[in-house]
Each structure stands twice: as structure tokens, then as C-alpha cells.
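Colleague: Just dropping this structure here.
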Amino acid sequence: MLYDVAIIGAGPAGLAAGLYAARAKMNCVVFERLGEGGQIAITNEIENYPGAPEHSSGPSLTARMGEQARSFGANFIKDDIIGVSLEGDVKVLNGKGGEYQAKTVIIANGGKPRPIGCPGETELIGKGVSYCATCDAGFFTDLEVFVVGGGDSAVEEAMFITKFARKVTIVHRRDELRAAKSIQEKAFANEKIAFMWDTVIEEIKGDGMVESAVFKNLKTGEVTEYTADEEDGTFGIFPFIGFDPVSDLYKGKVDMDAAGYIPTDDNMKTNVPGVFAAGDIRVKSLRQVITACADGAIAAVQAEKFIEGH
């Protein structure tokens, strides 16, 4: 089958693109490797999406987006796209489950959490190291937790974790937070939250679970090691230091910047005719659900115009 539009990724950008493409009566397909929602699916509470019901969660919001796209006829296929040929009139996508063809492609793979990059981190993922507070905060009920980062996500997730942990320490490499002032105010007022300024984690240690972490103060050079309370046996480390684009699939296929983000014009067009990019994978100044949805809508409308030859 030759689709009008193939959308790779089912986060807010991909779901919005699927909705707009299907509503325009285009034969569209949305591919997702794991599940719908993208990064927002691990967000516990969304307060800044216009019109969303109070206390909406990421999963509930994106579930409604998916249902809406399906109601207009969008196709959804769970497959991992591992190869693409984007030149020519017919784009070819190679998935683990088969080969697909489309007249246009919308790249909406999003991003993934950026690791600290210290020894012990990879080995202890799921054993005290987690990148999803919504998923794992409950495992640290009445324990101590360190949240690494100083942006909106780090501080918001730290506040969420205080619902479970007895103490949360925000570890930030600078001497002030980068989060929005309104978010900072809530964090500073939270009695469960402490701060380690000008500090990074140099190593995470443990045999089967996190047992200690080595911290370094960047200003003084002082190195200290925190060891889990004997009664606790472990503690949590949640890195929230940013995201990297999931764009390796497109290297050499479309233009990228040095960090791997895909530049587009205002109409989401990449340098390849008939190929668009939307959401967190795109070069942009603000990566939020609302901007991802806008990107997806624009990309779908432009894909329709491309097919019609406008």
C-alpha cells in the first residue's frame, strides 16, 4: 500500500499530524516503536496545555489525542522503523515488521533522556537510577532521592517525588536554577527539598542496587561520597538534564545541526522534498506539548499541499 503520509513517532507531534492528515481525508499511518505518547507519557501532571482538564496527566492527554486521530481514520502500526529511503516520489520505510511506502514522511521521533555519563549509571538503571519519576517514584517511598538538573523538568519531577520520598536533593552544576520562577518558588517552599549547588555526580556505586554516589563541587573541587542509610540500603538517582534527539536513523538522509536536531522552515519542511519534521526532534526554541502539536498540524497540512502540487 502506498500511503499519502507516513508519520514516524506517536508523541504529541505525531498524533497531531495524524489527526490533521486523517481529517483531510489523506491515507495516513502513524508508526510507534513502544507506545503512544512519547516523552509526555511519563509526565504525571500537565498544567500548561490550554483547555486540558485540571490535573491532566501525560498518558490521559495523549490517549485522547490518539482516539481523536483514529476517529478520523488514521492508521496506527506498532513497528520499529530501522531504515529509510527518502529521495524520489515514493519514500520507503523499512521496519522490523515490514516495508512501507509513502508519498510524504513526517519525522516525529522526538528525543530521549540525556544520561549523566558517569561510571555506574548504565549498570544501575532500574536499580536505583531512573529517568521517569512518574514510573518509579513510588519505589522510593520513605527513602532519599537525588534529582540531577536545574530546569523545569528536573524541579517539577523533584516536587512530584516528594510525595513519596522523605527527602529530595536537587543536584545542579550551577549556583541557580534554570526553571521558571513560578516553579522555583514552589520548590524553595517545599520543606522536603534540599539543594546541592555547583555540583555534579562523578560516579554511582552499588552491587545490584544503588548504594553510594560520588559528588564533586565544581567550584571548590571537593569530592564527597554519599552512602545509603544503613536501614534504607539504597536511594534513588533521577537525572533530568535534558534530552537528545532520536535522529540517528536520518543521518545522511536529511540535514541536521551539530547536536542531531533537524532544521526546518516555518512550514516544517526539511531540505528533502516531501519530508517534514515536527516536535522535539526539530531545531526550535521551545519544546513543549503545545509547540509539538502545532508542528504536527503544520506538517500534515503542508504534506497535503505537497501531494496536491501546491
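Colleague: Which percent of Cα pairs goes in each bin when the distances of the range 1-115 are cut into 10 angstrom slices starting at zero?
Modeller: 15, 44, 31, 10, 1
Colleague: Now for a separate question. Note the listed values (i) 21.2, 69; (ii) 25.5, 79; (iii) 22.2, 74, then indicate which one is Rg and Dmax of the Cα atoms in Å calculated from this particular structure.
Modeller: Read-out from the structure maps to (i).
Colleague: Could you work out which residue, out of GLY97, GLY14, GLY38, moves most in a Gaussian network model of the chain, that is, has the largest mean-square fluctuation with Cα springs under 10 Å?
Modeller: GLY97
Colleague: Another question, then. Can you sort ILE170, ILE125 by 1.4 Å-probe accessible area, starting with the largest?
Modeller: Reading off the accessible areas and sorting them downward yields ILE125, ILE170.
Colleague: Where in the chain are the helices, taken as whole DSSP H runs, whose Cα atoms extend 27 angstrom or more along the long axis and whose Kyte-Doolittle mean reaches at least -0.5?
Modeller: 289-308
Colleague: A follow-up question, please. Report the extension gain between ASN267 and ALA52 in nm, rounded to one decimal, defined as 0.36 nm multiplied by the number of residues separating them, less their alpha carbon distance.
Modeller: Difference between extended and current length: 74.8 nm.
Colleague: Could you state the orientation-averaged shadow area of the convex hull built on the Cα atoms of the range 181-310, in nm² to one decimal?
Modeller: Projected over every direction and averaged, the Cα hull of the range 181-310 covers 12.8 nm².
Colleague: Sticking with this one: Roughly what % of DSSP beta bridges within the chain run antiparallel, to the nearest 5?
Modeller: The antiparallel fraction comes to roughly 40 percent.
Colleague: Summarise the accessible area of the chain (1.4 Å probe, protein heavy atoms) by the percent that is carbon and sulfur.
Modeller: About 49 percent, which is the carbon plus sulfur part of the accessible surface.
Colleague: Please give the solvent-accessible surface of MET256 in Å², to the nearest 10, using a probe radius of 1.4 Å with every protein chain present.
Modeller: 50
Colleague: A follow-up question, please. Write down the accessible area per residue of the range 204-308 in Å², having rolled a 1.4 Å probe over the full set of protein chains.
Modeller: Solvent-accessible surface per residue comes out at 49 Å².
Colleague: Given a 1.4 Å probe, how much area per residue of the range 13-64 is accessible, in Å²?
Modeller: Counting only protein heavy atoms, the per-residue value for the range 13-64 is 48 Å².
Colleague: On to the next question. For ALA63 and LEU34, calculate 0.36 nm times their separation in residues minus their Cα-Cα distance, and state this gained length in nm to one decimal.
Modeller: Result for the pair: 9.0 nm of gain on full extension.
Colleague: What 222 nm value per residue comes from the helices of the chain, counting each DSSP H run with n ≥ 4 as -39,500 (n - 2.57) and dividing by all residues, nearest 500 deg cm²/dmol?
Modeller: -7000 deg cm²/dmol
Colleague: Can you figure out the FRET efficiency of ASP80 with ASP255, using R₀ = 25 Å and their beta-carbon distance, to the nearest 0.05?
Modeller: The computed FRET efficiency comes out at 0.55.
The values are calculated or read from the model by the stated rules, or taken from the named source; none is laboratory data. Just so it is clear, the structure is predicted and the values come from calculations on it, not from any experiment. As a convention, Cβ positions derive from the backbone with ideal geometry for all residues, glycine included, and neighbour counts pool all protein chains shown. Accessible surface areas use protein heavy atoms only, side chains included; no ligands, DNA or RNA. Shrake-Rupley method; radii C 1.70, N 1.55, O 1.52, S 1.80 Å.
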